[in-house]
1. Please list 111-120, 146-155 highest first by mean number of surrounding beta-carbon atoms within 10 Å per residue.
2. Take the alpha-carbon centre of region 124-163, take the same for region 63-109, and report the distance between them in whole Å.
3. Return the percentage of antiparallel bridges among DSSP beta bridges fully within the chain, rounded to the nearest 5 %.
4. Suppose every K and R has +1 on its Cβ and every D and E has -1 on its Cβ; what is the size of the dipole of region 1-47 about the Cα centre, in Debye to the nearest 20?
5. With semi-axes √(5λ) of the Cα gyration tensor in Å as the read-out, I listed (i) 34, 15, 14; (ii) 22, 17, 16; (iii) 25, 18, 15; which label goes with the value calculated from this structure?
6. Kindly report the accessible area of the chain per residue (heavy atoms of protein chains, probe 1.4 Å, no ligands, DNA or RNA), in Å².
7. Work out the count of Lys pairs in the chain where the Cα-Cα distance is under 26 Å, with the pair 8 or more places apart or on different chains.
8. Hey, for a label at N158 modelled as a point 7 Å past Cα toward Cβ, could you say which residues of region 84-106 have their backbone N under 18 Å away?
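The values are calculated or read from the model by the stated rules, or taken from the named source; none is laboratory data. Only a predicted model underlies this, so the values are computations on that prediction, with no experimental measurement involved. Neighbour counts are summed over all protein chains in view; Cβ atoms, including those assigned to glycine, are modelled from backbone coordinates with ideal geometry. The protein model used for the area step is the full one, side chains on, heavy atoms only, and it has no ligands, DNA or RNA in it. Shrake-Rupley method; radii C 1.70, N 1.55, O 1.52, S 1.80 Å.
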Amino acid sequence: MTDSKLAFIGLGLIGGSIARGIKRSHPHVTIMAYMRTRSKLEQALSDGVIDVILDGTEDPRLGECDIIFLCTPVEYNAAYLSRLKPVLKPEAFITDVGSTKTDIHRHVTDLQMEPVFVGGHPMAGSEKTGYENCSDHLLENAYYIITPGARSSQRNVNRLVAVAE
């Protein structure tokens, strides 16, 4: 993986597990995160899973990120797109981990963000939820379905594959 700065919007079971796995495999990567529950972000910082707590989706530090993961419930992920669009640097892209794709791909198209969005869905989970239950091994040997749009950049698809490997 060549990307060096990643951000997570939502750091629950799936987002936290992806972040933990990345940090285990690529400790040099800077991981930033935002979620509504500040105490969980502080725990993730203390655990060494993240390096930076973001103050919100308008935080200018998001503009430094190479990849932004939307890891909130699917009904919220699409709403974050319009907030993130102005801060994306030119070579960055956004991905999500939602189980349904119609709504988010429709929003991506409406916002003209197809080249900078590559959908994804890790086929992993647990009966438990929340950051406190995440694991750096949750996605190990799990399928990670990648759902690019018609105009998604092949380079960005390849970058997401590199993260998922």
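1. Working: 111-120: 19.6, 146-155: 14.8.
Per-residue Cβ counts within 10 Å, averaged per peptide and sorted highest first, yield 111-120, 146-155.
2. When both Cα centres are located, 14 Å separates them.
3. Values: 5 of 21 bridges.
So the antiparallel bridges in the chain amount to around 25 percent.
4. Working: 7 positive and 3 negative charges, 17 e Å.
With only Lys, Arg, Asp and Glu charged at Cβ, the dipole is about 80 debye.
5. Label of the calculated value: (ii).
6. On the way: 8000 Å² over 165 residues.
Computed with neighbouring chains in place, this is 48 Å² per residue.
7. Here the count comes out as 14.
8. Label zone hits: 91-94.
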